[in-house]
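Each remark here refers to the structure printed beneath this line.
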Amino acid sequence: MSKDNSSLQLEKVIPEADDFLPILGTDFVELYVGNAKQAAYYYQHAWGFQPVAYSGLETGQQDSVSYVLQQGKIRIVLTSPLQPSGAINAHIDKHGDGVKFVALWVDDAKKSYEETTKRGAKSYVEPYELEDNHGKVVISGIHTYGETVHLFIERGEYKGPFMPGYRTYAPLAKSPETGLKYIDHMVGNVGWNEMNKWCEFYAKVMGFAQMVSFDDKDISTDYTALMSKVMSNGNGRIKFPINEPAEGKKKSQIEEYIDFYNGAGVQHIALATDNIIETVTSLRDRGVEFLYVPETYYDDLLDRVGEIDEELAPLKELGVLVDRDDEGYLLQIFTKPVLDRPTMFFEIIQRKGAQSFGKGNFKALFEAIEREQDLRGTLK
């Protein structure tokens, strides 16, 4: 499923960003998982992703299997090993299911590789081409925090379902979409005192600029705290908040993540919708579990954020949070971890003008996460 080049709007919205690549958007996010077939079923029927492409034994792939799913502009790839040992098995054994590749859509994968490696990025793979009767794709890649990799994907000359080596994946059973449109931002958790290092990486190596920062006074409760900075490319299509732990009385969610993931990695992916009430209702009805927010959060909500278009009752019933900045407001909600390990989760977000990240909701959100940590016995 090719992306549409005709609708590109690449105006620079973050003036401080060098934006020398440039990046057109997120091409796909690939997770290494223990059972790709079952994970694909979950994301199709619980989340409304649509089947797109498949690679495995039937396509000549001997050591792994991958399912490609898409909803709106969000494309996820789920990959499992077919043989013992090897890099995929090692990744799953260490981290559990989790994000391995954050693939970025670019005009020139070779130039993107050269520009980033000459600025200090560690090479993951040098530029190479894949070709079939649908055209060609050019791929290159660099290492980032933990074992996470950024791939650069150049697909302007490709018209197939995903890329060479894949065939169309069309199971008989499909579920309706849930209104998810695109990836709003993707959050990385890094270790103690590593946030600035990785923010500098995105600034120097990839031409990003810092949008906003939060310290432990902004993001804290009575028990835990963290620090965060948000890095963005010039056109604002790629936003990477980077979190690190901060000192608190008990173990923070970032420490819990790093303990169970065994290192730095992608903590959550924020998916945008145009109607959060309809999307969350659909997801909840299909079994997706969200964090609980106490009803008292809504007692003075309108006094805090002002007038909003939505009725308060369904927001309260679903547990949707609301925050306002100088440009408008946003609505957001967070799932519980979608894996057995308390690592990766999703955010659903609807922006009504706001360009911020819900600073006014941090306390309520973190207290909700701490309640879940307490149930798991990891809030110590």
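The values are calculated or read from the model by the stated rules, or taken from the named source; none is laboratory data. All values derive from a computational prediction rather than experimental measurement. Backbone-built Cβ (ideal geometry, glycine too); neighbour counts: all protein chains shown.
For region 75-102, the set of residues classified as surrounded by fewer than 20 Cβ atoms within 10 Å (Cβ to Cβ) and under 14 Å from the mean Cα position of the chain (by Cα) is empty. For region 340-377, the set of residues classified as crowded, with 19+ Cβ neighbours inside 10 Å and in a loop (DSSP other than H, G, I, E, B) consists of Pro342, Thr343, Met344, Ala354, Phe357, Gly358, listed by residue number. If I ask for residues that are loosely packed, with under 11 Cβ neighbours inside 10 Å and under 27 Å from Pro176 (Cβ atoms), which ones from region 293-337 would you list? Hits for region 293-337 are Asp309, Glu311, Ala313.
Among residues of region 353-366 that are within 18 Å of Pro337 (Cα to Cα), those with a Cβ under 9 angstrom from a residue that is among the aromatic types (Phe, Trp, Tyr) and surrounded by 18 or more Cβ atoms within 10 Å (Cβ to Cβ), sequence gap 6+ or separate chain, pair up as Phe362/Phe214; Ala364/Tyr297; Leu365/Phe334.
So which residues in region 263-302 are in a helix (DSSP H, G or I) and not polar (S, T, N, Q), if there are any at all?
If we filter region 263-302 for residues that are in a helix (DSSP H, G or I), which is where we start, we get 276-285, 295-298, 301-302.
Matches in region 263-302: Ile276, Ile277, Glu278, Val280, Leu283, Arg284, Asp285, Glu295, Tyr297, Tyr298, Leu301, Leu302.
One line per residue, one yes/no per condition, for (1) modelled with pLDDT under 95; (2) in a strand (DSSP E or B); (3) under 20 Å from the mean Cα position of the chain (by Cα):
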{"site": "Pro171", "(1), (2), (3)": "yes, no, no"}
{"site": "Ser175", "(1), (2), (3)": "no, no, no"}
{"site": "Val187", "(1), (2), (3)": "no, yes, yes"}
{"site": "Val205", "(1), (2), (3)": "no, no, no"}
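If you check Lys359, Lys352 for being closer than 28 Å to Gly48 by Cα and over 18 Å from the mean Cα position of the chain (by Cα), only one passes: Lys352. Have a look at Lys118, Lys100, Lys94, Lys110 and point out the one that is among the charged types (D, E, K, R) and within 9 Å of Tyr32 (Cβ to Cβ). None of the others qualify; the one that does is Lys100.
Name the residues in region 44-71 that are of a type in the set (Ser, Thr, Tyr) and either surrounded by 21 or more Cβ atoms within 10 Å (Cβ to Cβ) or in contact with an Asp or Glu (Cβ under 9 Å, 6 or more places away or on another chain) (or both), would you? Across region 44-71, the qualifying residues are Tyr54, Ser55, Ser66, Tyr67. Of the strands (runs of 3 or more DSSP E) lying entirely inside region 1-112, the ones with 1 or more residues being in contact with a helix residue (DSSP H, G or I) (Cβ under 6 Å, 6 or more places away or on another chain) and touching a residue at least 24 places away in the same chain (Cβ under 8 Å) are found at 23-32, 64-71, 74-81, 98-106. Looking only at region 1-33, filter to residues that are at pLDDT 85 or above and hydroxyl-bearing (Ser, Thr, Tyr); which one of those is surrounded by the most Cβ atoms within 10 Å (Cβ to Cβ)? So the residue we want is Tyr32.
Exactly one of these conditions fails for Ser228: (1) at pLDDT 95 or above; (2) over 30 Å from Lys110 (Cβ atoms); (3) in a strand (DSSP E or B). Give me its number. In the conditions (1) at pLDDT 95 or above; (2) over 30 Å from Lys110 (Cβ atoms); (3) in a strand (DSSP E or B), Ser228 misses (1) alone. When Ile142 is tested against (1) farther than 29 Å from Gly48 by Cα; (2) assigned to a loop (DSSP other than H, G, I, E, B); (3) hydrophobic (A, V, I, L, M, F, W, C), only condition (2) is not met.
Of everything in region 274-295, what is touching a strand residue (DSSP E or B) at 6+ places or on another chain (Cβ under 6 Å) and of a type outside the set (A, V, I, L, M, F, W, C)? Give them in sequence order. Answer for region 274-295, where residues must be touching a strand residue (DSSP E or B) at 6+ places or on another chain (Cβ under 6 Å) and of a type outside the set (A, V, I, L, M, F, W, C): just Thr279.
Could you pull out the residue among Lys217, Lys239, Lys204, Lys249 that is within 20 Å of Phe101 (Cα to Cα) and surrounded by fewer than 23 Cβ atoms within 10 Å (Cβ to Cβ)? Break it down stepwise before answering.
Values: Lys217 fails: within 20 Å of Phe101 (Cα to Cα); Lys204 fails: within 20 Å of Phe101 (Cα to Cα); Lys249 fails: within 20 Å of Phe101 (Cα to Cα).
One residue alone meets the criteria, Lys239.
Of all residues in region 113-125, those satisfying the criterion of being without any contact (Cβ under 8 Å) to a residue 24 or more places away in the chain, more than 22 Å from Tyr158 (Cβ to Cβ) and among the charged types (D, E, K, R) are Lys118, Lys122.
Residues in region 189-203 include none that are within 19 Å of the chain's Cα centre (by Cα), among the β-branched types (Val, Ile, Thr) and part of a strand (DSSP E or B).
From the list Lys110, Lys181, Lys136, pick out the single residue that is under 20 Å from the mean Cα position of the chain (by Cα) and surrounded by 14 or more Cβ atoms within 10 Å (Cβ to Cβ).
Numbers: Lys110 fails: under 20 Å from the mean Cα position of the chain (by Cα); Lys136 fails: under 20 Å from the mean Cα position of the chain (by Cα).
None of the others qualify; the one that does is Lys181.
Per-residue answers, yes or no, for (1) over 24 Å from Phe345 (Cβ atoms); (2) of a type in the set (Phe, Trp, Tyr):
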{"residue": "Gly96", "(1), (2)": "no, no"}
{"residue": "Lys100", "(1), (2)": "no, no"}
{"residue": "Asp108", "(1), (2)": "yes, no"}
{"residue": "Tyr113", "(1), (2)": "yes, yes"}
{"residue": "Asn133", "(1), (2)": "yes, no"}
{"residue": "Val138", "(1), (2)": "yes, no"}
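Across region 156-175, which residue is surrounded by the most Cβ atoms within 10 Å (Cβ to Cβ) among those that are assigned by TED's automatic domain parsing to the domain that holds Tyr54 and more than 20 Å from Thr59 (Cα to Cα)? Checked region 156-175; the qualifying residue surrounded by the most Cβ atoms within 10 Å (Cβ to Cβ) is Gly156.
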